[in-house]
C-alpha cells in the first residue's frame, strides 16, 4: 500500500482549495505573506494588543496594589468590645454614666456584691400618670441604660412597681396590669430600638406589693412608682421553676 499521501501537503494538489477553505473556517489565520504585508503597509496584526487594553490592564494592576497597601496600613477596629464580666465593673460603669448624664435624681444604682446590679428608674420620668406609653423624655435615659446592657452578656430582669392608689381603666383593671405593662414597654424599647437580644430579658409586675417607702405621702409614692432593671449572672429562679424541679426529681 502506498502511504505517500500521508506525507503530502494538504494545501497542495487537487484538493488544496477545499482543505484551505475548511481550515480557514475552523482556524482563521493569516499567511506569513499577509502578516508581512500588513507590517510593511502599516496594517493591524491579528496578534497586536490594543493600547487601550494595555492601559486598562495597568490601571487594574495599580488599583489592586493600592488597595492591598492600604489594607496593610489600616488599623481595623475590633468587631465587638470585650464583654464586661465583673458585676462590680458594671456597677461602676452605671454609676459613672448616670452622673455624667445628670440622672442622679431620676435614676439610682445599687450593687448586690457578686450577684447583681440593680438600676432604679422612677416611673414619673418614664410614664404619665396611669399610662404605660414611654414619654419622650424617657428615651435618653433608656439609651444610657442600653449602653450599659450592651457591654455585658448577662440576663436582665425588668420589674414594674406602682404606688398603692387603685386604678381601674379600660386598659388597666388594676395595678398588676399597669406595672407589668410598664416593664414590658421598657423591654420592648431595649429590644426593638436598641437591638439587645430578647432572650436576655425577663419581665414581671408587682403592683404595690414591694414598696421602697411607706405610701403615706406624695413624695414616698413617687419613689415607689418605679421600674427596676436587674442585671444578673444567673437566670432568676421563680416559684414555678422550683416546682418543676421538684416534680422532675420525684418522677
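Please treat every number below as a calculation from the coordinates, not as lab data. Model, not experiment: these values are computed from the prediction. Cβ atoms come from the backbone with ideal geometry, glycine included; neighbour counts cover every protein chain shown.
List of remarks:
- Among 54, 134, the order by Cβ neighbours within 10 angstrom, fewest to most, reads 54, 134.
- Contact order relative to length of segment 102-154, as percent, for alpha carbon pairs under 8 angstrom and 6 or more apart: 21
- Sorted by Cβ neighbour density within 10 Å, fewest at the top, the residues 210, 168: 168, 210
- Net length gained if the chain between residue 218 and residue 58 were fully extended (0.36 nm per residue, minus Cα distance): 49.7 nm
- Length gained on full extension, residue 199 to residue 86, computed as 0.36 nm times the residue gap minus the Cα-Cα distance: 38.6 nm.
- Using the average count of surrounding beta-carbon atoms within 10 Å as a protection proxy, the listed peptides 198-207, 172-181, 224-233, 105-114 rank, highest first, as 224-233, 172-181, 198-207, 105-114.
- Taking other Cβ atoms within 10 Å as a rough exposure proxy, 93, 65 sort from fewest to most as 65, 93.
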